[in-house]
């Protein structure tokens, strides 16, 4: 589970994305209904976005400021890149769910890598087939469980990221990803696809 400040950041980004997608004033209650966290987090996020001059709240409506429009545009673009990428291998609901998780964790470099990955026809090979020390891009993670997918993303394991097997263990592998060493079981490693 993300830490409290991380949750606040995620809620702020979700509010900006929702407003950026609608491009008009939105009823405050509809924002609160769409974002599935406690109302106190939504209230804190709204207050923070107001203080940052990203949104304006009048009566029961919320809308983007000029600064907010620019930030929302970037968030929506990132969301669309990820969702379109996942739609190649997943149904629309799964693609949307995975995008909602991943969009808050990835850098612009990863987004650029995902755009590159979208041009490849191949879907990759299992991580278990990689040679030791050879760095490759992750093309997909074939894990339908959104909680496990979110856990992997929070560790830095996601499409567009570079990964390298440092050594094999009797039960799996130790990989280097996002400047971290992480132990993976064989079953999980098989579900991570990488470019050959």
Figure the gain on full extension for residue 116 and residue 24 (residue separation times 0.36 nm, minus the Cα-Cα span) and round it to one decimal in nm.
29.9 nm
Just to be sure I understand the curve: with the Debye formula and one point per C-alpha of segment 1-106, what is log10 I(q)/I(0) at q = 0.12, 0.18, 0.21 Å⁻¹?
-0.39, -0.87, -1.14
Stokes-Einstein D for the chain, Kirkwood Rh over Cα pairs, 10 °C, 1.306 mPa s (µm²/s):
88 µm²/s
For segment 13-54, what Kirkwood radius comes out of the mean inverse Cα-Cα distance, in Å?
10.5 Å
Test of understanding: what is the full-extension gain from residue 169 to residue 41, defined as 0.36 nm times their sequence separation minus their Cα-Cα distance?
41.9 nm
So, R0 is 30 Å and r is the distance between the beta-carbons of residue 108 and residue 58; what FRET efficiency does that work out to, to 0.05?
0.35
What are the semi-axes of the equivalent ellipsoid for segment 28-84, taken as the square roots of 5 times the Cα gyration tensor eigenvalues, largest first, in whole Å?
20, 16, 10
Angle between the chain longest axis and helix 66-86 axis [Cα atoms, degrees, rounded to 10]
30 degrees
Rounded to the nearest whole number, the Stokes-Einstein translational diffusion coefficient of segment 89-196 at 10 °C and 1.306 mPa s (Kirkwood radius, C-alpha pairs) in µm²/s is 114 µm²/s
Can you compute the helix-only [θ] at 222 nm over the chain? Use -39500 (n - 2.57) per DSSP H run of at least 4 residues, normalise by all residues, nearest 500 deg cm²/dmol.
-15500 deg cm²/dmol
What's log10 of I(q)/I(0) for segment 78-117 at q = 0.35 Å⁻¹, Debye sum over Cα points only, no solvent?
-1.22
In degrees, nearest ten, helix 146-155 long axis to first principal axis of the chain (Cα)
80 degrees
FRET E, pair residue 181, residue 129, Förster distance 25 Å, beta-carbon r, rounded to 0.05
0.80
Using a basic spin-label model with each label point 7 Å from the Cα along Cα→Cβ, how many nm lie between residue 96 and residue 145?
2.4 nm
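Every read-out reported here was derived from the displayed coordinates using simple, explicitly stated rules and does not represent laboratory data. It should be emphasised that the depicted structure is a prediction, and the values quoted were computed from it without experimental measurement. Cβ: placed from backbone, ideal geometry, glycine included. Neighbour counts: every protein chain shown.
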